[in-house]
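Peer 1: Sharing a structure below in structure tokens format, with a few things to ask.
The values are calculated or read from the model by the stated rules, or taken from the named source; none is laboratory data. Given the structure is predicted, the values throughout are model-derived calculations rather than measurements. Here the Cβ positions follow ideal geometry from the backbone for every residue, glycine too, while neighbour counts run over all protein chains shown. The protein model used for the area step is the full one, side chains on, heavy atoms only, and it has no ligands, DNA or RNA in it. Shrake-Rupley method; radii C 1.70, N 1.55, O 1.52, S 1.80 Å.
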Amino acid sequence: MTDDAAARVPDDAGALTERVRQAIDGLGCSRREVARRIVMDPSKLSRSLNGGRRFTVAEIVRIADITGVDAGRLLGPAQRPAPPPAAGPVAVPDGGRPLQIVRETVRLIAEHGFHGVRVADIAAACGTSTAAVHYHFPGRDELLEAAVRWCMDEDTARRAAGLATAADARAELLHLIALQTPRTDQQRRQWLVWLDLWAQAARSTAIGRLHEHYYRQWRTTVADVLRRGIGQGVFRDLDPEFTALRLTALIDGLATQVLATAPDSTGPDTMHDALLAFVASEVTAD
């Protein structure tokens, strides 16, 4: 099942792509939102829908899950996948099975580390079978990539919501800093997943590209906020890109210390104070 699910689906006449396009359009939401729900790179979804890239069986299964269209109908009789064996009554979780699998994967990675998590553990947490997990995500690497992408999407959504309501660029920057300070259980889980991401990125080209994309996106956001602050007069005349790089390095280093040291040592309050001190001494206009 794993090898089959990872395989590209032939679609020389474009019939499969058209069926997928119709199913997605029936949801009534943007394709970026569809990509978020199936935990797929939006650019890959766009290329696949435009005929520049073939879907994998697992991607079709995830699309079928959120659209409510039978996967066999999307794939056609010749490519119909064998359904995973049922493990008791089938209950569709909130957001669909793919998102449930990814959310539980994030939680388990944060608790045990990526290499300490088995597919059987994820299946048990979801109340389903290992075959059902492989049905949506063929391998461990794809699960890690999906988990990281989900964390990125959640972080981006919270970031955008806060920036939209901030009074000025200084408030925007403080919002970004608060998001990166691991105070809540969710923030700590995401940082623990990032730690696994850093180690995996050094060994995996696919994860490395995802890592590069996230950090480029993050530094661009910070640099844009700094640029707005300079224009508003709340920040001094500085190099936005270089300052964003410095602030990112400080956040990463401090967060690692918060997660790796005893609670009575470097904690989130100390980290937050250090970041505010950086803003006051290096960024804020006199």
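Peer 1: Could we say that PHE242 is open to solvent by less than 50 Å² (accessible area, probe 1.4 Å) and among the aromatic types (Phe, Trp, Tyr) here?
Peer 2: So PHE242 fails the test.
Peer 1: Sticking with this structure for a sec: (1) open to solvent by less than 30 Å² (accessible area, probe 1.4 Å); (2) at pLDDT below 75: which one isn't true of PRO89, the others all being true?
Peer 2: The failed condition is (1).
Peer 1: So, in region 187-206, how many residues would count as being polar (S, T, N, Q) and either in contact (Cβ under 8 Å) with a residue 24 or more places away in the chain or touching a His at 6+ places or on another chain (Cβ under 7 Å) (or both)?
Peer 2: Residues that pass the stated criteria total 3.
Peer 1: Kindly check whether there is at least one residue in region 219-232 that is out of contact with any helix residue (DSSP H, G or I) (no Cβ under 7 Å at 6 or more places or on another chain), open to solvent by less than 80 Å² (accessible area, probe 1.4 Å) and hydroxyl-bearing (Ser, Thr, Tyr).
Peer 2: Within region 219-232, one or more residues are out of contact with any helix residue (DSSP H, G or I) (no Cβ under 7 Å at 6 or more places or on another chain), open to solvent by less than 80 Å² (accessible area, probe 1.4 Å) and hydroxyl-bearing (Ser, Thr, Tyr).
Peer 1: Still on this structure: Could you list, in sequence order, all residues of region 122-141 that are under 10 Å from GLU104 (Cβ atoms), open to solvent by 50 Å² or more (accessible area, probe 1.4 Å) and not aliphatic (A, V, I, L, M)?
Peer 2: Within region 122-141, just GLY127 meets the criteria.
Peer 1: A further question on this structure: Take the conditions over 19 Å from the mean Cα position of the chain (by Cα) and buried (at least 16 other Cβ atoms within 10 Å of the Cβ) and apply them to GLY253. Does it pass?
Peer 2: No: the conditions fail for GLY253.
Residue-wise test of (1) open to solvent by less than 10 Å² (accessible area, probe 1.4 Å); (2) touching a residue at least 40 places away in the same chain (Cβ under 8 Å); (3) over 25 Å from ARG103 (Cα atoms); (4) touching a Pro at 6+ places or on another chain (Cβ under 8 Å).
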site	(1), (2), (3), (4)
PRO10	no, yes, yes, no
GLU18	no, no, yes, no
ARG21	no, no, yes, no
LEU27	no, yes, no, no
SER43	no, no, no, no
ASN50	no, no, yes, no
GLU59	no, no, no, no
THR67	no, yes, no, no
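Peer 1: In region 29-39, what residues are open to solvent by less than 60 Å² (accessible area, probe 1.4 Å), part of a helix (DSSP H, G or I) and not aliphatic (A, V, I, L, M)?
Peer 2: Within region 29-39, GLU33 is the sole residue that qualifies.
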